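One structure is given here, and the rest of the page talks about it.
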């Protein structure tokens, strides 16, 4: 029973740690499926986290915080869009610039506004997104196995967690069962096919960037006002890049993206659990090894040693009508 | 003749109606280039109207304006007698104008059905749209002979089938006026005939068809009227039945073309280039050259004729060391040549093989480089003894070549992109010829080159032959092959299907060979891109190789 | 519609980049203004901090040293058509090479130790960049993604090595044993009193040498010619018989070796030991420097000096104007990358129109 409880606890923190990855990964999915490489996910997570925490602290409402988070992500997406869609600049460079912009501005503005060394004020419970107890969770708690799973693992998360998990089937549906999804997939593969069919490539790509911003903005909001009680410096801590790695790992598909994000979240959860524990034969597993594992796994995948990750054909290439 | 009278009838009937399309005074500039100047055109309803002109005459630009892909700088467009401002493709489609592009606008990993509905979905949810389209496609297939499996993935289809998908796309959108841009460039003659049958059916059903081509044979075969374009201007419009290929050819180029090149008889020496059992695959691991053997002697030009897409590119690239060969051998001057690896072209040059590539801008030049830098491309290791590059020597030689080959402007410091197509080709030609190679392989030497430069280039190639070099010429221009070559080999579906003597072979005989019909009357059972049913031993080997063995994918080209 | 006239060379090479940088600074100024601070005051403090006194100037040059190496690393890869975002990790791992030879021969005179540190650090940095190069060349893995991932792996790897292996027993902070004074790269203040207590050291002169070396390599050698061919047109490189796989691996290794000199500067010269995260973002500044300097050594030198001044001046600023943190510099860095890199052509079309209008009356047409 002890092991079972441990397992539930690990899975529970897996879910918590996977949420921002899932949201950022799906965000990247929309963008990259439309042909826009988004290295800037990291910066958008960070910018949104800061905006959400700052707004929640000032207004007292987590919902306004969410709006602010999404708003900042939208602004950053707009810059990315202008640079890479309108000006046909290098999408990687634009993304790198956005990451620095977020890193610099969040600290600078945080210090200027709140004078707490880059931290935003500690948020009280009603300024955050709090755990929701699903119906009957308390009643079934004592039912062996299933009851525990339901009350501990499925119930008791905040609204944004459920949003993240619902976003997966929604994305799968949008991508493969709707007109918008068909066009989105087409514009990332062969934008000319759409242009000659009379559909605006620019318009579609901007739509994709808006969805990207909403998702990644929600992810950033989750970091600062759902998972934590305020913003601190560089709190995205590379999650945007992990999400990008997960996206490659998942071969730009929504369900695999969920699985990979859960796997990376699980590794993250294990990192704290395994600290100091000595295993037979191999001894203590260095925490750094587990930290690096998602990156190493992604590189092995990218190197084609376990299957092949083929990106949407037109991703990273600005669309120009040629002569 | 039946078709001629009906053509006449069609024109008479159509004359009473408002023209399907009327263009008045269309102008379009691209930077300094005046691509279309004061174009007037009338296309009558229910007819096939041809537009001919050389490459770069402005045909594709004009059609792109009509299709709303570009906006004209000035001028008027009337569709069915009503003035229209066609702002984008969607608008053109709404007016019933559909276009089949030269390079297909298909999403390769989508199904036929998905491609057909893309952009014309009638509901936000796909299921309904796709069901509707499936029924529609079935109807179109029976009406016009456009059979394609709706669930096939585009990249698995032959080129001819992909083109049918493009036509289906236009018809699905209710196109009444169909523009086809160089539709036969990538087709085998059999596929082209099939296409023409489809076009006739469409015309008989009342559709108007605009056919853009530079092939006079096609104009004569299918059009009712023909308009000739030259250097961005509309020269004249003629009734097809009342004109002739020579008249059209003259209108296209503006003066009598000297198709025959002045050359003496060849004096072939010993075998310099020998290719044996060559097998080459394309980027996707599909065999494109299948067991090809031939040889070229010193002092002769061997021409490889064939419809584009039958393995020409792969043949050129593998012999020049740009693409790994799967099987077979290449011998140069009796010595086996090792061409594998991404520096194969370097070893080929060291062995005495020079290469004028078929696509000079993509392969043969770095267009942002200065002229002198391109003048040493592939030979840069010969300039300077240590690690340093002897720039003074390179510039001095570039200047000599500029004078010798009359490259204009005569400025070795100028960015290569600022030279015209013909002068860029001369830069490549000068570099490859001045290296004094034993063997010269030349791909599409006059593609996109102005007439004056064509003569110069042809004469240089003959000069090389007379200097005792072995020359392999690959061109899709049959006239060029016939006038330059001393021997003609015909490439079809990755095989050499026959040899002909340019002095005696007639166009019909060569045409049959190019269509894969050999002298024993064996007709091809497959177009390019499909492996014939009878697998040879080699092809069996091929299918056992995994795609990962194909290492030529650095990913940089993407 | 009038034809697009190409801009004069001086506009393309000098005016446009300068305008883009000015734009980045203007927006930075607006941000400072928006939090109620005076940007002109800020600029004043920064200029004074960066150039106004000896040790301040020394610090500026110390930062400049790091940025030149990182900027050259990015630039070199750029000429071969690759975007190496990994100098941060390459410099970090190179620190290991530097500290290994330094501790192995601890006490050796610096004149011998300096070259040893350059070689060992260079090899480690080259190795860390070579792997992404190898994966790109042989396995087709995209170099942007792999170099980013290698930055993170470097953090984990070096964290482990420093805390679990190099940290001497009985020491609290996470760092290696110190290098003896005689073995450390000498500070320039030992030769010039001007630099007072600033950390600028002999590695600065090495950076100047590296600028000339990269110019020679890229524009004056056969290797550089092949590299530029590959960078500009990979198909033409294959046509010319230039082995792209070999070029990619060699160039990446060289790029990593250049980035590695950041470790010589910091581990061998300034800290005298290996500490956690000593690179402190210098590798990323290299990206901004390379774009701003258009990957040319002259541009890289100027951009590095500018960023060196910004970093040092930013310190001064944080002291003098408490409302402004040093991270404002990261924001400027981001704006510079954005305007000179991703949006580099934003001002091009207005400029082209301006020049076309200018030239037309002169041409009499």
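Quick notes on this one:
- GNM result for chain A, Cα springs below 10 Å: residue of A:238, A:28, A:283 fluctuating most strongly: A:283
- Value of relative contact order over chain A, rounded to a whole percent, pairs C-alpha under 8 Å and six or more apart: 34
- GNM on chain C, alpha-carbon springs under 10 angstrom: the most fluctuating residue among C:58, C:86, C:121 is C:58.
- Panel order for A:255, A:113, by other beta carbons found within 10 Å of each beta carbon, from fewest to most: A:255, A:113.
- Taking a ≥ b ≥ c as the square roots of the eigenvalues of the Cα gyration tensor, region B:359-411 is oblate, since a/c reaches 1.5 or more and a/b is not larger than b/c.
- Three-way shape call for region C:141-195 based on the alpha-carbon gyration tensor, with the a/c threshold at 1.5: oblate
- By the beta-carbon count within 10 Å of each Cβ, the least crowded to most crowded order of A:222, C:53, C:134, fewest first, is C:53, C:134, A:222.
- Region B:134-268 - share of DSSP beta bridges that are antiparallel (%, nearest 5): 55
- Neighbouring partner chain Cβ atoms per residue of C:46-53, average, 10 Å criterion: 0
- FRET efficiency, 1/(1 + (r/R0)^6) with R0 22 Å, evaluated for residue A:320 and residue B:368 via beta carbons: 0.85
- Label-reachable residues, region C:47-78, where backbone N falls under 20 Å from a point 7 Å from residue C:196's Cα toward its Cβ: C:47-65
- Relative packing of C:94-102, B:16-24, C:153-161, which averages over residues the other C-beta atoms within 10 Å, highest first: C:94-102, C:153-161, B:16-24
- The gain in end-to-end length when the residue B:403 to residue B:335 segment is fully stretched comes to 20.9 nm, 0.36 nm per residue minus the alpha carbon separation.
- Rounded to 10°, Cα long-axis angle of helix C:143-160 versus longest principal axis of chain C: 20
- Residue-span extension gain [residue A:278 to residue A:132] - 0.36 nm each, minus C-alpha spacing: 48.9 nm
- Peptide B:337-345 has a mean of 4 when you count, residue by residue, the C-beta atoms of other protein chains within 10 Å of its C-beta.
- Rounded if a/c under 1.5, otherwise prolate or oblate - region C:245-365, Cα gyration tensor axes: oblate
- Gaussian network model of chain C, springs between alpha carbon atoms under 10 Å - residue of C:244, C:75, C:141 with greatest fluctuation: C:141
- Fewest-first ranking of B:144, A:241, using other Cβ atoms within 10 Å as the exposure measure: B:144, A:241
- When both bridge partners sit in chain B, DSSP labels roughly 55% of those beta bridges antiparallel.
- Only helical runs count toward this figure. For chain B, summing -39,500 (n - 2.57) over DSSP H runs of n ≥ 4 and dividing by all residues gives -10000 deg cm²/dmol at 222 nm.
- Legend: mean number of C-beta atoms from other chains within 10 angstrom of residue C-beta atoms, peptide C:303-312, equals 0.
- When the Cα convex hull of the protein assembly as shown is projected onto planes of every orientation, the mean area is 54.6 nm².
- Degrees between helix B:421-434 axis and first principal axis of chain B (Cα, 0 to 90, nearest 10): 20
- Secondary structure note: in the protein assembly as shown, about 60% of the DSSP beta bridges are antiparallel.
Just so you know, all these numbers are worked out from the coordinates, no wet-lab data involved. Keep in mind the model is a prediction, meaning the values are calculated, not measured. When we count neighbours, we look across all protein chains shown, and the Cβ atoms used for this are built from the backbone with ideal geometry, even at glycine.
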